[in-house]
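What follows is a short report on a single structure.
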Amino acid sequence: MGHHQGSGRRRDGGVRAAAVDRHRQSSVVEVAHAPKAAANSADDEIVRLVRSGAQPQEIRVVTSDKALTDRVRDLGAAVYPAERFRDLIDPRGSNAARRTQ
């Protein structure tokens with residue numbers, strides 16, 4: 001993982017990354033950060049981004065969180081389970097790759 005700075009703690013116990021670039025985008029994947037550290041703030045930011053999208057049905061949210069899945073599906077977005085996405089971007093660590101070794 002990347003270098004982390006700062007003393008802020010995330011809800012999952014990890015250290016927040018420095019607020020150098022709060023929003024990154026490519027033609028394939030968009031990475032955004034919640035504007036503040038609080039319970040469900042990341043989920044709320046994802047829902048806000050889906051809601052503000054011109055074509056929510058074209059948005060795919062990567063999550064395995066049931067509540068977030070329900071929220072973004074209600075807005076028209078598709079959901080891709082986190083484990084399947086990980087297997088897609090890093091097949092060496094996937095269950096399928098381990099079975100073929």
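The values are calculated or read from the model by the stated rules, or taken from the named source; none is laboratory data. Just so it is clear, the structure is predicted and the values come from calculations on it, not from any experiment. Cβ atoms come from the backbone with ideal geometry, glycine included; neighbour counts cover every protein chain shown.
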What is the number of the single condition among (1) outside any helix (DSSP H, G or I); (2) of a type outside the set (G, A, S); (3) at pLDDT 95 or above that R24 does not meet?
-> (3)
Filter region 60-70 down to residues that are closer than 11 Å to I46 by Cβ and in contact with a strand residue (DSSP E or B) (Cβ under 9 Å, 6 or more places away or on another chain), then give me how many there are.
-> 5
